[in-house]
There are 2 protein chains.
Amino acid sequence: MYRTHNNGQLRAADINKEVTLAGWVQKTRDKGFMVWVDLRDRYGITQLIFDEERTSKEVIEKAAKLGREFVIQVKGTVIERESKNPNMPTGDVEILVSELNILNESLTPPFTIEDETDGGEDLRMKYRYLDIRRNPVRENLIFRAKVAIAVRNYLANQGFVEVETPYLIKSTPEGARDFVVPSRMNEGQFYALPQSPQTFKQLLMVGGLDKYFQIVKCFRDEDLRADRQPEFTQIDCEMAFVEQEDILNAFEGLTKHLLKEINGVEISEFPRITYDDAIAKYGNDKPDIRFGMEFGELNAVAQHKDFGVFNQAELVVGIAVPGGNAFTRKEIDKLINWIKRPQIGALGMVYSRCNEDGTYKSSVDKFYDQEDLAKWAEATGAKPGDLVCVLSGDKNKVRTQLSALRMHLAEELGLRKNNEFAPLWVVDFPLLEWDEETNRYHAMHHPFTSPKPGQLELLDTNPGDVKANAYDLVLNGNEIGGGSIRIHDRKTQAKMFDYLGFTPEEAKAQFGFLMDAFQYGAPPHGGIAFGLDRLVAILGGQETIRDFIAFPKNNAGRDVMIDAPAPIDKKQLEELHLKVEIKS
Amino acid sequence: MYRTHNNGQLRAADINKEVTLAGWVQKTRDKGFMVWVDLRDRYGITQLIFDEERTSKEVIEKAAKLGREFVIQVKGTVIERESKNPNMPTGDVEILVSELNILNESLTPPFTIEDETDGGEDLRMKYRYLDIRRNPVRENLIFRAKVAIAVRNYLANQGFVEVETPYLIKSTPEGARDFVVPSRMNEGQFYALPQSPQTFKQLLMVGGLDKYFQIVKCFRDEDLRADRQPEFTQIDCEMAFVEQEDILNAFEGLTKHLLKEINGVEISEFPRITYDDAIAKYGNDKPDIRFGMEFGELNAVAQHKDFGVFNQAELVVGIAVPGGNAFTRKEIDKLINWIKRPQIGALGMVYSRCNEDGTYKSSVDKFYDQEDLAKWAEATGAKPGDLVCVLSGDKNKVRTQLSALRMHLAEELGLRKNNEFAPLWVVDFPLLEWDEETNRYHAMHHPFTSPKPGQLELLDTNPGDVKANAYDLVLNGNEIGGGSIRIHDRKTQAKMFDYLGFTPEEAKAQFGFLMDAFQYGAPPHGGIAFGLDRLVAILGGQETIRDFIAFPKNNAGRDVMIDAPAPIDKKQLEELHLKVEIKS
């Protein structure tokens, strides 16, 4: 036994006990006749004292030479601390050390092991094992584990069975790019790593498992945007004999449980909004509803005046910025510059100040009188003291722009509070979305999603209008979960593959096993998958998922700590029947 | 809602309730004026009744046409069953059906969905989703989930933190063959799938996480022996500031908890045996101790007589077969033929019958008198009525042969009882083992295992004698877990790599990150990993791990259901900078 107690454990009640502690040297103070050491481990910090009168000369000299992050073991007596530290759980006591054993030395770490470190992102990633010694990083990992076990116990108590599905599966052309794994035993053939266990969980429903879940790694070989990882973790769920309503209730239950268990927040019922309404009201299918600023459409009240810009626009739409009348002219100009940046791409912004006295002062007073502007205020819900910001143009573009403005302003105004939680369901997603690149419709969710009852026929005439039994769970402006009721009969599935451009041969080669399964009594079923990394980050009140992943990869998909990926032996390549061909 | 109750739920107390049920048609009995249907789901079977007098003609006709495995929904009333079935939880009631809704039809399944099926292994694997509908397979999956959550909750309660380590890591030449994953973004470079999260868990200890665990998939590209899978699941654990004793206690605790929680078996303390003793007593480092039959060495009492075979042998060793004197001459000859098969390779077997009257009758009476044979009986612990079987020859070979014989006999005699559990620790494993193929020593556990204190020096002189701080947990003749105290200082680790034939450059390229980490205050640490597939199978009282894996692969590493691995697109290969080269 290296220790009798950990470093977060000892209290006044332990005074006079003989103890053995072990841990890392956080810092030392050497006054010559006395040395203090802060000894740290996962559980806390305990102060050690070495003093000339009570500690042997040899030990005190050894203590004076301890460096930061040395690993030591000490034996000693718990004594009352002279100057107590009420900010530390162990602050009433210290250890008068009689024996000191250096278990391992340490070079000076490349950054300080403190809550606020001087190490930059790159250095912290290269020495991630030192970064994990820092309280905030370690606490994030412990928090993640706590969320995961809360999910598991809740779902298990609800009768869900965690089933491990395979990692070495088959590559499919649909969706994102697969990571593949060459097979040595099957020449020229490849496994693929799952982008999700989608087909397997559906087969488990065909298999009568009724309620399935799994916390599982998934893989996507995509060009990495900020805060995306090539491997990520999903809470993957599926139920049989359910309709959309059953799924929504079941996983609203899970989310409520987590919010209560983890964050102490009780939420009675999650609002629901259709996809179309979300787009119209927030310009976005994952609206942050912690704050208002809903879109007000102004076509009826702002067009057919003399303002040509608005008259020509497909959509004129505004938001009321709470307290925005306090913005200076300079601040408003800054805002206008912000939305004109190429990333946002608005051509300009019209605004109307709502004065405290009930009058208005707009940037287009030439064209609109007080009565007009009162209608703008009414449509956007603006009150005296607010600022109405109006964009106009192509419907889709302008909504996206106004959504960006809304989020930007909310951020600036401190309306996106980390300790507030506002979940909502977005339902009735379109079945298909138009892809500019390939010039055809793609499945918005995936090809296994069922259209709403009676809408299958629309596929041939108005494909873009077909709604799906698909839903997303949105929390604080992030999609944390998404799912659908699946197709469960072979004919509909075949029609869908056909529609998505699969030849019957391709459909059979890729998904024949699923189509076969549907012929042997497939029950109606549906499910949902949550992104655990994102969920944990949001529940933890933080933005970046990377802070909740023990060993994340950088934006080039590299693990800079272990330096992977890396070239492999020629012999390994030969065994895999492969040759590397780099085109210059 | 597709159902108000499941098919295992209704009881006499529910009589007169209006219910909606859904599930699969297990079987139908059609008497013309009456039709019975057994409706099945995960939870049980409920009997439906359609009768001329109380059900509409249309519904009764529809019912008569239902085929096996059709998915149906029915509405009806719970009524008392005339001929109750006490063997079914729902056997007191049946449902008088008023509405019948066919949710999906089914082709005739390729094998019967019964506890004992007529489907062979291949067919069952191809239609695994139908196999999973069978009670025993489904119950195995549910059992596995129950074990996994029991493991998680126990370890979490003990302060262990589950941390997800990466799946896309770096290939290392040590150990078994890696599966690799070509990187598209890093030309000509590869990730590897982890054979275990070994280095990551050690880095978590360097990172101060103190107690880590993870239930995690691991991957080995080995030629598959029976009952091995290319992907398998490990309960991976590591602790800091521990000695071997701490690890043994911690995971004896886990195992006891599982045996109690899952099997209702209480075991007070696990016996411990050294590797050397296990080999001497059982010829095997994973002895099954549910039964005796320990080896008795007979050199002292059987050599230096006139029997040349024994005199020339390095080792003469026997076991007492309980009740074996009842074997006929024919049965003994069969036994001798069994051990002479090439797989076992013994040259012959000497035996001595221990008669009930205290006399002996051996196959070598010419050379040994009653007094000699009494000593054999004493050395092997044979009692009157037993049979002493004796093998001789080269020490290592003869022990392996006698171990095989011991297990064979125990199996034949019914001594390997599935509901008996006999765990034990095997400790003090050798650090190195000689590899005939490469003609050098390899790490027996892995290169991170620490030698026993003070034995490092032996490496240069008697490498085969160096014992490691390594241990296995054995249950019913299977290694269910294994681990070690790790090296935690750079110098020792460098020496170990050097000894194992790594050049300093190779060591740095492969494990530089770990060696670096050891310079920044690595604590003493150690751990263990359990094979979850095997553990679950044993706790479930079964032999094959495949029965506890939802979608296993066959011996060629293929998933015959989805038909993977498979060729991939030329475009995919190009993006990965690869070319397939098959040598004919």
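The values are calculated or read from the model by the stated rules, or taken from the named source; none is laboratory data. Computed from a prediction, not measured in an experiment: that's the story for all the values here. Quick reminder, even Gly has a Cβ in these numbers, built from the backbone with ideal geometry, and neighbours come from all protein chains shown. Surface accessibility is based on the protein's heavy atoms, side chains included, excluding ligands, DNA and RNA. Shrake-Rupley method; radii C 1.70, N 1.55, O 1.52, S 1.80 Å.
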Determine whether the stretch B:440-453 contains at least one residue that is open to solvent by less than 70 Å² (accessible area, probe 1.4 Å), of a type in the set (Phe, Trp, Tyr) and assigned to a loop (DSSP other than H, G, I, E, B). yes
Pick from B:69, B:114, B:82: which is in a loop (DSSP other than H, G, I, E, B) and touching a Pro at 6+ places or on another chain (Cβ under 6 Å)? B:69
Restricting to the stretch B:139-182, give me the number of residues that are without any contact (Cβ under 8 Å) to a residue 40 or more places away in the chain and assigned to a loop (DSSP other than H, G, I, E, B). 3
So which of A:131, A:92, A:122 ends up being at pLDDT below 95 and either of a type outside the set (S, T, N, Q) or out of contact with any Phe, Trp or Tyr (no Cβ under 6 Å at 6 or more places or on another chain) (or both)? A:122
Go through the stretch B:390-403 and count every residue that is at negative phi and either in contact with a Pro (Cβ under 9 Å, 6 or more places away or on another chain) or not in a helix (DSSP H, G or I) (or both). 5
Tell me, which strands (runs of 3 or more DSSP E) wholly within the stretch B:302-364 include 2 or more residues that are touching a residue at least 60 places away in the same chain (Cβ under 8 Å)? B:315-321
I'd like the residue in the stretch B:259-268 that is in contact with a helix residue (DSSP H, G or I) (Cβ under 8 Å, 6 or more places away or on another chain) and open to solvent by 80 Å² or more (accessible area, probe 1.4 Å) and, out of all such residues, is nearest to residue B:417 (Cα to Cα). B:266
Conditions: (1) closer than 30 Å to residue A:534 by Cβ; (2) more than 24 Å from the chain's Cα centre (by Cα). Residue A:142 meets all but one. Number of the miss? (2)
Just the residues that are surrounded by 15 or more Cβ atoms within 10 Å (Cβ to Cβ) and of a type outside the set (A, V, I, L, M, F, W, C), please, taken from the stretch B:282-302. B:282, B:283, B:284, B:285, B:286, B:287, B:288, B:290, B:294, B:296, B:297, B:299
Could you grab me the full set of residues in the stretch A:118-135 that are part of a loop (DSSP other than H, G, I, E, B), free of Cβ contacts under 8 Å to residues at least 40 places away in the same chain and buried (at least 19 other Cβ atoms within 10 Å of the Cβ)? A:119, A:134
Which ones in the stretch B:370-389 are assigned to a loop (DSSP other than H, G, I, E, B) and open to solvent by 80 Å² or more (accessible area, probe 1.4 Å)? B:383
Tell me the residue from B:248, B:209, B:204 that is under 24 Å from residue B:447 (Cα atoms) and assigned to a loop (DSSP other than H, G, I, E, B), please. B:209
Going through the stretch A:77-97 one residue at a time, which ones are touching a strand residue (DSSP E or B) at 6+ places or on another chain (Cβ under 9 Å) and either open to solvent by 10 Å² or more (accessible area, probe 1.4 Å) or on the phi > 0 side of the Ramachandran plot (or both)? A:77, A:79, A:80, A:81, A:82, A:84, A:85, A:88, A:89, A:92, A:94, A:96
If we ask which residues in the stretch A:183-199 are in contact with a helix residue (DSSP H, G or I) (Cβ under 7 Å, 6 or more places away or on another chain) and not in a loop (DSSP other than H, G, I, E, B), their number turns out to be 1
If you scan the stretch A:351-369, which residues turn out to be open to solvent by 30 Å² or more (accessible area, probe 1.4 Å) and either within 20 Å of residue A:314 (Cβ to Cβ) or not assigned by TED's automatic domain parsing to the domain that holds residue A:306 (or both)? A:367
Those residues that are in contact (Cβ under 8 Å) with a residue 24 or more places away in the chain, under 13 Å from residue A:532 (Cα atoms) and among the basic types (Lys, Arg), I need them from the stretch A:200-238; list them, please. A:217
Filtering the stretch B:193-206 down to residues that are of a type in the set (Ser, Thr, Tyr) and either more than 23 Å from the chain's Cα centre (by Cα) or within 7 Å of chain A (Cβ to nearest Cβ) (or both) yields B:199
Given the residues B:9, B:26, which is the only one that is under 22 Å from residue B:106 (Cα atoms) and either in contact with a strand residue (DSSP E or B) (Cβ under 8 Å, 6 or more places away or on another chain) or not aromatic (Phe, Trp, Tyr) (or both)? B:26
May I ask you to say which residue of B:279, B:319 is under 23 Å from the mean Cα position of the chain (by Cα) and surrounded by 15 or more Cβ atoms within 10 Å (Cβ to Cβ)? B:279
How many residues does the stretch B:45-71 hold that are touching a helix residue (DSSP H, G or I) at 6+ places or on another chain (Cβ under 9 Å), buried (at least 19 other Cβ atoms within 10 Å of the Cβ) and within 21 Å of residue B:14 (Cα to Cα)? 3
If I ask for residues that are modelled with pLDDT under 90, surrounded by 16 or more Cβ atoms within 10 Å (Cβ to Cβ) and part of a loop (DSSP other than H, G, I, E, B), which ones from the stretch A:456-466 would you list? A:456
Write out, first by first residue and then by second, each pair whose Cβ atoms fall under 8 Å of each other, whose residues are 6+ apart or on separate chains, and whose first residue, in the stretch A:241-253, is more than 12 Å from residue A:211 (Cα to Cα) while the second is part of a helix (DSSP H, G or I). A:253/A:154
Does residue A:247 satisfy the criteria of being assigned by TED's automatic domain parsing to the domain that holds residue A:157 and modelled with pLDDT of 95 or more? yes
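Conditions (1) of a type in the set (Phe, Trp, Tyr); (2) touching a Lys or Arg at 6+ places or on another chain (Cβ under 7 Å); (3) at pLDDT below 95; (4) not assigned by TED's automatic domain parsing to the domain that holds residue B:264, marked per residue:
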residue	(1), (2), (3), (4)
B:484	no, no, no, no
B:492	no, no, yes, no
B:527	no, yes, no, no
B:561	no, yes, no, yes
B:568	no, no, yes, yes
B:571	no, no, yes, yes
B:575	no, yes, yes, yes
Considering only the stretch B:139-192, state which residues are more than 7 Å from every other protein chain (Cβ to nearest Cβ), under 21 Å from residue B:447 (Cα atoms) and open to solvent by less than 20 Å² (accessible area, probe 1.4 Å). B:178, B:192
State all residues of the stretch A:200-253 that are among the basic types (Lys, Arg) and surrounded by fewer than 24 Cβ atoms within 10 Å (Cβ to Cβ); if no residue qualifies, say none. A:211, A:217, A:220, A:225, A:228
Can residue B:445 be described as in contact with a Phe, Trp or Tyr (Cβ under 7 Å, 6 or more places away or on another chain) and not assigned by TED's automatic domain parsing to the domain that holds residue B:356? yes
